[in-house]
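**Student:** Starting off with a structure, shown below.
The values are calculated or read from the model by the stated rules, or taken from the named source; none is laboratory data. All of these numbers come straight from a predicted model, not from anything done at the bench. Cβ atoms come from the backbone with ideal geometry, glycine included; neighbour counts cover every protein chain shown.
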Number of protein chains: 4
Amino acid sequence: MLSFENDYSYGACPQIIDRLAAINDTAYPGYGSDDLCASAKSRIKDACDAPDAGVWFLVGGTQTNQTVIDSVLPQYAGVVTVESGHPNVHEAGAIEATGHKVITLPQHDGKLNPDDLASYCEAFYADDNHEHMVFPGMVYISHSTEYGTIYTKSELESIAAVSHRYGMPLYVDGARLGYALTATGTDVTLADLARIVDVLYIGGTKVGALFGEAVVFMNRDEFSRAPKHFLTLIKRHGALLAKGWLLGLQFDTLFSDGLYLRIARRANEAADRIRAALRERGYTLTFDAPTNQIFITVDAATRQRLERHVRLGFMEKADDTHVVVRICTGWSTTDEQVDELIALL
Amino acid sequence: MLSFENDYSYGACPQIIDRLAAINDTAYPGYGSDDLCASAKSRIKDACDAPDAGVWFLVGGTQTNQTVIDSVLPQYAGVVTVESGHPNVHEAGAIEATGHKVITLPQHDGKLNPDDLASYCEAFYADDNHEHMVFPGMVYISHSTEYGTIYTKSELESIAAVSHRYGMPLYVDGARLGYALTATGTDVTLADLARIVDVLYIGGTKVGALFGEAVVFMNRDEFSRAPKHFLTLIKRHGALLAKGWLLGLQFDTLFSDGLYLRIARRANEAADRIRAALRERGYTLTFDAPTNQIFITVDAATRQRLERHVRLGFMEKADDTHVVVRICTGWSTTDEQVDELIALL
Amino acid sequence: MLSFENDYSYGACPQIIDRLAAINDTAYPGYGSDDLCASAKSRIKDACDAPDAGVWFLVGGTQTNQTVIDSVLPQYAGVVTVESGHPNVHEAGAIEATGHKVITLPQHDGKLNPDDLASYCEAFYADDNHEHMVFPGMVYISHSTEYGTIYTKSELESIAAVSHRYGMPLYVDGARLGYALTATGTDVTLADLARIVDVLYIGGTKVGALFGEAVVFMNRDEFSRAPKHFLTLIKRHGALLAKGWLLGLQFDTLFSDGLYLRIARRANEAADRIRAALRERGYTLTFDAPTNQIFITVDAATRQRLERHVRLGFMEKADDTHVVVRICTGWSTTDEQVDELIALL
Amino acid sequence: MLSFENDYSYGACPQIIDRLAAINDTAYPGYGSDDLCASAKSRIKDACDAPDAGVWFLVGGTQTNQTVIDSVLPQYAGVVTVESGHPNVHEAGAIEATGHKVITLPQHDGKLNPDDLASYCEAFYADDNHEHMVFPGMVYISHSTEYGTIYTKSELESIAAVSHRYGMPLYVDGARLGYALTATGTDVTLADLARIVDVLYIGGTKVGALFGEAVVFMNRDEFSRAPKHFLTLIKRHGALLAKGWLLGLQFDTLFSDGLYLRIARRANEAADRIRAALRERGYTLTFDAPTNQIFITVDAATRQRLERHVRLGFMEKADDTHVVVRICTGWSTTDEQVDELIALL
């Protein structure tokens, strides 16, 4: 059985597994105060071209969103996201669990539109009753989005401009950041992103690591400042890994020799081949997305036929006779797997 | 200056003020353990025809919604309401502050449609990923709604049926319940409501009291059971009034000799007269609503002309040249005030 | 039956009841944006000699503690109080409900000792693991305390000095502030308090009002600054009274013509007379306290004898044969009630 | 430099590292729905002799305590623990962050005394005001404790009896459970524990795993029932690992061929040798504890001398001239390391 179900079905890059084995008899101090974390942080700051940034390592994506958003938001404020945003839909209320509203705007192929954001903020502050309402306190976007789409540099700059005009930090969920940064046609580099946005996380779980997400606060101005005692806040969320060097090791490896972007690019190339084959065979691609997630709108018979040989992700009903399913490549996808899949289409 | 700004601009029914003065030198035990509260509870249960109900008195509406919703919902669940629902818009995130999501469905003249509710629930449980999502845990409606509209008995029964099918109590915010129960054409009595829904609150603040809301749990079945140690939960929310007899006194007075419904009916009659005059003069009524709140869509000039002599509530922009404003009668509205207003229209 | 059970058993000063009746037909804007609130705030700032202070009105004590403490504390911090402090014992977990730990130090006749506070803070910051612990974020004291005792000016200054040395605002719960400020032998005025501490609340519920507490942020420096959007935070806690002028009216009345202190002083004088009689008859006073709360340690027979004629507050078992009971005077206590009680002792 | 600093300084048992490498190219479904988790759960239920138990895997200890305690406690209740309990001291307020008070009783060599618990509960329910207080809702103990001490079977049975008499589940934090179950002289087996208590977690992080804790709900009666939708609650706490099979693999390995207890016993034997040497050389052992944590009370000179060659854990000042330091063995401690340490003493 082939698996194109998601990008977190396999362990980790062999380099990580090897290195884990190699350091297994070395004693490290706990909670991220070790040399591997220090080295990884340094490499990430270099990759971001952000020498003043603060870097922290957490274990998973929902945990990271919960910890960052709760730490950044004032009590009177919520986080603004599109309706399809992960914290609004698939985090089991982890944001609300910390006392904050998720404020939703319409999604456009999974993306936030800066004009929607500006209109909403303008109307909010024009409302006589806005002191009885949840203030917009930060902006959350994901890059790539839930639908595999990506922002252009100009879109990011527009969203950041609106966010800052209304006093909000802009936060980027980069669970699949590697795939976004290496998509065909993107004009956004990691350094661009680090310059434009205020805080981001670089996803490891879906891009080559066993687990782990690296949070980067830019520490550039009032918007991008890391929350005071952030380590304590991580602990308070139950999110501080005892053996922190496991996270340091993984990110140190991923950010050595360009590994992170290299493995992500391979996944995109695999997806590009699959997309080409799908188009050639007349499939309907649900979104025009250049990253490792491919959504196709198919009828029940097609879905059933495919799923006899390959595990796919189910997304939602499109209409009474069609569903949207996801084909997902990843850092571990091999040419052979792609060939086999294409043969099945 | 006339005031039709809202229904909480004036003190309280003279009967309440008189009685407050009369008992001022009597000592009462604290926190609602007094005879006035006992009497008021008994009268409310009679009016609801719900002898097994449990009645508690709180001070304000947002406080009541927060305390009830937080106490009823399991941790994995949120409250379902229409987008225009008070807890979603005008409670400053008081529900999310307790860790729960407000799940929104479209409003239809401010009302929840039972089919929308059923479709949403069906899709939720059909979703393979629903364990990663906030469960729908209770249903919130208001009667009358934010737009002054009311539910029919049949609509309430349908909503209750769907709610119960999916394991959810149905909760009615009755901030303006008096006005709903005495609206021209309604087929819903307080006893009907108490039979159909699981928990409700009877609003005092907007219907003749200085302040105060009476929460009624029906204690009829699994859905309508009062939360264990509810008094402690009220205290934990900072919502337990030390001089609880002030609440008992007010509700005891309102539920003697039919006062509550009588004063509400008068406000509706005043609104009916105003509505007739508005229609006669060609105004656009924004909603077809039979209670004490009248929304009209007017141009800027009309608004400005009216507001020279009468304080109105502003609601929102309708389009570039029109706004929606609210004319609100109340238990204290006099015939003279109505005459004056009509003369200005 | 006499009642010396507590200081919240009676309605309100007649001046307040009269004025409530007098303004019952006047329309006021909601949520504290009225002239009565404005006037009351001005009088309170005058009484505090704190022209830059910010004043807000809430309904009850637990609600006020919850709202203030939650609004002031950073997420990584808890509030420091003595073990017998009201938020630690009798608020049903209202502070923890907002996500914050109550950090306890030993009480000395109900009071916090500045040296205990300094030792605790010093040890905290000296602990290598303190980033895994809840930071001390603000200091809570009550004046008078749960046991009726009061702080001297010098004690308050010492506590404030330690608090500020460790970056913490000092907050005074003044549920019974009137009684503290008019106790025989006190050297602390309201203006002293406002100069020394950072935020306080002036209790109305127990000192002449039907309900209501006035929160005063001094707005003097980093420690005493009112939280941003505090009105929204009040609303988020369900603590914003719709008919805010009811609070304004009460505090405007209490702070006119020295009423607040005058009625409090009368209660202390009544307590002084009772204390003298108790001492004369050989009773054991549990604490050496000069305010309206008198605690006596009595055997079961004495308790039973007294409670045939007067309602007292029960506090706790002292030992196998003795209990501590409370005799509480209040703003409404009359000379006749005191005479009757003394005759019973 | 030797390291006896703690028991989470090294990676994992070689069996785990090898197996991780071996399955690195196998695709698994996410979030714990894989075969490795199924197998591990089955082995753990066998080891507990608890076929009806429910097993879940989380990543870390604070996270596990937060998720379990928050999921089990009713809103009106707190968790009872000794003052030195981990959730009270070293979890940065993670319990309070979920809205619950940590209720503390005195520790006796780190242990909870059942009589203390009974007295506290009796007094609580006897208090007239207990509805204004946080109810005791569950009991937390750790086995072994923070000080390396362990409970006897009889002590556990007594604590469980008191807990159940007052309606509380008994929860055991087993971060170091392996060391407790294999200590010289213990009469408590895992099956005993599973029979006596209601929910426990089996610690992996400190006993041979890279990370991971296994929560076991006994599902035996009302006290031990797993919370409804516990998977969703784990997700809501940000505690659901995407690659759940990493946890399954580790616990499947640890619970194969008695590995978990075998490696723990070795650590205890190492500690026993060190303890014997310490006693022989006249050191003061702070506690009489039979597990892998050894606390010694030493003067500054001794501490300085030791720390030139070995990393130790610092605990606290004992008096002006002495400190308590910790020597901690672990599953990875070698005979050579023990020899070297003993030579230094």
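**Student:** Please work out if C:ASP109 is among the charged types (D, E, K, R), more than 14 Å from the chain's Cα centre (by Cα) and over 28 Å from C:THR205 (Cβ atoms).
**Tutor:** Spelling it out, it is not the case that C:ASP109 is among the charged types (D, E, K, R), more than 14 Å from the chain's Cα centre (by Cα) and over 28 Å from C:THR205 (Cβ atoms).
**Student:** Another question, then. Among the residues of the range B:182-212, what is the count of those that are of a type in the set (Phe, Trp, Tyr) and either more than 14 Å from every other protein chain (Cβ to nearest Cβ) or in a loop (DSSP other than H, G, I, E, B) (or both)?
**Tutor:** Of the residues in that region, 1 qualify.
**Student:** For D:VAL68, only one of the following conditions fails: (1) touching a Lys or Arg at 6+ places or on another chain (Cβ under 6 Å); (2) within 12 Å of chain A (Cβ to nearest Cβ). What is its number?
**Tutor:** With respect to (1) touching a Lys or Arg at 6+ places or on another chain (Cβ under 6 Å); (2) within 12 Å of chain A (Cβ to nearest Cβ), D:VAL68 is out only on (1).
So that you can scan it fast, the table gives a plain yes or no per residue for (1) in contact with a Lys or Arg (Cβ under 7 Å, 6 or more places away or on another chain); (2) at pLDDT 95 or above; (3) over 26 Å from A:THR232 (Cα atoms):
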{"site": "D:LEU73", "(1), (2), (3)": "no, yes, no"}
{"site": "D:GLY78", "(1), (2), (3)": "yes, yes, no"}
{"site": "D:GLY85", "(1), (2), (3)": "no, yes, no"}
{"site": "D:ILE95", "(1), (2), (3)": "no, yes, no"}
{"site": "D:LEU112", "(1), (2), (3)": "no, yes, yes"}
{"site": "D:ASP115", "(1), (2), (3)": "no, yes, yes"}
{"site": "D:PHE124", "(1), (2), (3)": "no, yes, yes"}
{"site": "D:PRO136", "(1), (2), (3)": "no, yes, yes"}
{"site": "D:GLU146", "(1), (2), (3)": "no, yes, no"}
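**Student:** What pairs come up if the first residue lies in the range A:127-141 and is within 14 Å of A:HIS164 (Cα to Cα) and more than 12 Å from every other protein chain (Cβ to nearest Cβ), the second is among the hydrophobic types (A, V, I, L, M, F, W, C) and not in a strand (DSSP E or B), and their beta carbons are under 6 Å apart, counting only those six or more places apart or on different chains?
**Tutor:** Correct list of pairs: A:MET138/A:VAL72; A:MET138/A:LEU73; A:MET138/A:MET168; A:VAL139/A:MET168.
**Student:** With B:LEU112, B:LEU58 as the choices, which residue is more than 14 Å from B:TYR171 (Cα to Cα) and in the same structural domain as B:GLU222 (by TED's automatic domain parsing)?
**Tutor:** After ruling out the rest, the residue left standing is B:LEU58.
**Student:** Any residue at all in the range A:112-122 that's touching a Phe, Trp or Tyr at 6+ places or on another chain (Cβ under 9 Å), buried (at least 22 other Cβ atoms within 10 Å of the Cβ) and either more than 14 Å from chain D (Cβ to nearest Cβ) or not in a loop (DSSP other than H, G, I, E, B) (or both)?
**Tutor:** So far as the range A:112-122 goes, yes, one or more of its residues are touching a Phe, Trp or Tyr at 6+ places or on another chain (Cβ under 9 Å), buried (at least 22 other Cβ atoms within 10 Å of the Cβ) and either more than 14 Å from chain D (Cβ to nearest Cβ) or not in a loop (DSSP other than H, G, I, E, B) (or both).
**Student:** If we scan the range B:41-56, do we find a residue that is under 29 Å from C:ASP7 (Cα atoms), among the aliphatic types (A, V, I, L, M) and at the interface with chain C (Cβ under 8 Å from one of its Cβ atoms)?
**Tutor:** Within the range B:41-56, none of the residues are under 29 Å from C:ASP7 (Cα atoms), among the aliphatic types (A, V, I, L, M) and at the interface with chain C (Cβ under 8 Å from one of its Cβ atoms).
**Student:** Can I ask one more? Inspect the range C:8-26 for any residue being more than 8 Å from chain B (Cβ to nearest Cβ), charged (D, E, K, R) and over 17 Å from B:LEU210 (Cα atoms) and give the result as yes or no.
**Tutor:** Within the range C:8-26 (the criterion being more than 8 Å from chain B (Cβ to nearest Cβ), charged (D, E, K, R) and over 17 Å from B:LEU210 (Cα atoms)), the answer is no, since none of the residues qualifies.
**Student:** When residues of the range A:12-65 are filtered for being β-branched (Val, Ile, Thr), under 17 Å from A:ALA242 (Cβ atoms) and buried (at least 22 other Cβ atoms within 10 Å of the Cβ), how many remain?
**Tutor:** Residues meeting the conditions: 1.
**Student:** Could I ask something else about it? So if I check each of D:ARG326, D:ARG273, D:ARG236, which one is modelled with pLDDT of 95 or more, assigned by TED's automatic domain parsing to the domain that holds D:ILE202 and among the charged types (D, E, K, R)?
**Tutor:** D:ARG236
**Student:** Filter the range C:290-336 for residues that are touching a Ser or Thr at 6+ places or on another chain (Cβ under 7 Å) and basic (Lys, Arg) and give the result.
**Tutor:** Residue satisfying the conditions is C:ARG311 alone.
**Student:** So which residues in the range D:244-259 are assigned to a helix (DSSP H, G or I) and either within 11 Å of chain A (Cβ to nearest Cβ) or not hydrophobic (A, V, I, L, M, F, W, C) (or both), if there are any at all?
**Tutor:** D:TRP245, D:LEU246, D:LEU247, D:GLY248, D:LEU249, D:GLN250, D:ASP252, D:THR253
**Student:** Here are some residues: D:GLY99, D:GLY110. Which one is over 30 Å from C:GLY61 (Cβ atoms) and out of contact with any Leu (no Cβ under 8 Å at 6 or more places or on another chain)?
**Tutor:** None of the others qualify; the one that does is D:GLY110.
**Student:** Ok, one more. Can you confirm whether the range C:325-340 contains a residue that is farther than 30 Å from B:ASN24 by Cα, out of contact with any Leu (no Cβ under 6 Å at 6 or more places or on another chain) and β-branched (Val, Ile, Thr)?
**Tutor:** No, the conditions are met nowhere in the range C:325-340.
**Student:** Return the residue satisfying two criteria in turn: it lies in the range B:79-99 and is β-branched (Val, Ile, Thr) and at the interface with chain C (Cβ under 10 Å from one of its Cβ atoms), and of such residues it is surrounded by the most Cβ atoms within 10 Å (Cβ to Cβ).
**Tutor:** Selected residue: B:ILE95.
**Student:** Next question, about the same structure. Every residue in the range B:279-310 that is crowded, with 18+ Cβ neighbours inside 10 Å, within 30 Å of B:LEU190 (Cα to Cα) and among the aliphatic types (A, V, I, L, M), please.
**Tutor:** Listed by number, the residues that qualify are B:ALA289, B:ILE294, B:ILE296.
**Student:** Regarding the range A:332-340, can at least one residue be identified that is in contact (Cβ under 8 Å) with a residue 24 or more places away in the chain, within 18 Å of A:SER3 (Cβ to Cβ) and either of a type in the set (Gly, Ala, Ser) or buried (at least 22 other Cβ atoms within 10 Å of the Cβ) (or both)?
**Tutor:** yes
**Student:** Scan the range A:260-279 and tell me whether some residue there is outside any helix (DSSP H, G or I) and either in contact with a helix residue (DSSP H, G or I) (Cβ under 9 Å, 6 or more places away or on another chain) or away from every other protein chain (no Cβ under 14 Å) (or both).
**Tutor:** No.
**Student:** Where residues in the range B:225-243 are among the small types (Gly, Ala, Ser) and buried (at least 24 other Cβ atoms within 10 Å of the Cβ), which of them is farthest from the other protein chains (Cβ to nearest Cβ)?
**Tutor:** Only one residue tops the list, namely B:ALA239.
**Student:** Oh, and also: Can you confirm whether A:LYS153 is among the basic types (Lys, Arg), crowded, with 24+ Cβ neighbours inside 10 Å, touching a residue at least 40 places away in the same chain (Cβ under 8 Å) and under 28 Å from A:GLN107 (Cα atoms)?
**Tutor:** no
**Student:** List pairs: first in the range A:15-35 and assigned by TED's automatic domain parsing to the domain that holds A:LEU231 and closer than 19 Å to D:GLY330 by Cα, second basic (Lys, Arg) and in a loop (DSSP other than H, G, I, E, B), Cβ under 8 Å, 6+ apart or cross-chain?
**Tutor:** Pairs found: A:TYR28/A:LYS243; A:GLY30/A:LYS243.
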